[in-house]
Amino acid sequence: MIDHDKFRALVKQLYATVNELEAMFPGRHFTPDGHMVGSLGECLVADAYDLKLKAASNKGYDALTETGVEVEIKATQSSSVAFRSQPQHAIIIKILRDGTFEEIYNGPGILVWEQFRGKRLPSNGQFQISLNKLRQLNQTLAPASRVPRAM
């Protein structure tokens, strides 16, 4: 079983270290990225929404809700995320510099996937969508279409 408090403290400590390094070396960036951000995001979301994580790099989804809904988790520190396929449900977060996160989108994957309708698949096989567009979509969702946060 995960020690939720220790996990949150470690993430905050990681980002505090990044901030200190950037202050110590002005002009240098120590931004966590790539697999680290993806894994951190998956763990932050699983912890916050009480989801059961699947094996790393599971095809199509990252976690399951208690009722069996497949959830694709996307985490970023930039202004967009990418999708290869339509998820059943998507939770997209932006990891903040203090190690917490902002929920950008929490809803049905079809609403995200509809944004790509009629568009040609990019050569890398991933459609990009901006966080601003996802925020707009998120505002249209009824509470019942979201995965609730754990208490």
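Each reported figure results from applying straightforward, stated rules to the coordinates on display, with no laboratory input. Keep in mind it's a predicted model, so treat the numbers as computed, not measured. Quick reminder, even Gly has a Cβ in these numbers, built from the backbone with ideal geometry, and neighbours come from all protein chains shown.
Helix-only mean residue ellipticity at 222 nm, the chain, DSSP H runs n ≥ 4 weighted -39,500 (n - 2.57), per residue, nearest 500. What is it? Provide the component values of the computation, followed by the final result.
Details: 4 runs with 50 residues, N = 151.
-10500 deg cm²/dmol, from helical runs alone.
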- request: Kindly provide log₁₀ I(q)/I(0) values, in the same order as q = 0.11, 0.12, 0.13, 0.27 Å⁻¹, from the Debye equation applied to equal alpha-carbon scatterers of the range 59-143.
  value: -0.29, -0.34, -0.40, -1.49
- prompt: Just how far, in whole angstrom, is the range 18-49 from the range 124-139 if you go by their alpha carbon centroids?
  reply: 21
- prompt: Shape call for the chain from the C-alpha gyration tensor, a ≥ b ≥ c root eigenvalues: rounded (a/c under 1.5), prolate (a/b greater than b/c) or oblate?
  reply: oblate
task: Kindly provide the GluC sites (Glu not before Pro) of the range 42-89 that DSSP labels as loop, not H, G, I, E or B, and whose Cβ sees at most 15 other Cβ atoms within 10 Å.
output: 66
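For the range 4-141, give me the percentage of DSSP beta bridges that are antiparallel, rounded to the nearest 5 percent.
On the way: 15 of 21 bridges.
About 70 percent, rounded to the nearest 5.
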- prompt: Using the 10 angstrom Cβ neighbour count as an exposure proxy, how do 89, 29 rank, fewest first?
  reply: 29, 89
message: Please identify the DSSP H helices in the chain that span no less than 15 Å along the helix axis (Cα) and have a mean Kyte-Doolittle hydropathy of 0.5 or more.
response: 35-49
- request: Would you be so kind as to identify which of 140, 9, 82 lies farthest towards the positive end of the dipole of the range 4-141, taking Lys and Arg as +1 and Asp and Glu as -1 on Cβ and the Cα centre as origin?
  value: 82
- prompt: Within the range 4-141, how many Lys pairs sit with Cα atoms under 18 Å apart, leaving out pairs fewer than 8 places apart on the same chain?
  reply: 8
- line: GNM of the chain, Cα pairs under 10 angstrom: of 101, 83, 30, the biggest fluctuation goes to 30
17 Å reach of a label modelled at residue 19, 7 Å along Cα-to-Cβ, counting backbone N of the range 91-115: 95-102
- prompt: Going through the range 58-95, which trypsin sites (Lys or Arg not before Pro) have at most 12 other Cβ atoms within 10 Å and a DSSP loop state?
  reply: 59
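Ranked by Cβ crowding within 10 angstrom, fewest neighbours first, how are 39, 123 ordered? Kindly include the intermediate steps, with their values, before the conclusion.
On the way: 39 16, 123 6.
Ranking 39, 123 by Cβ neighbours within 10 Å, fewest first, gives 123, 39.
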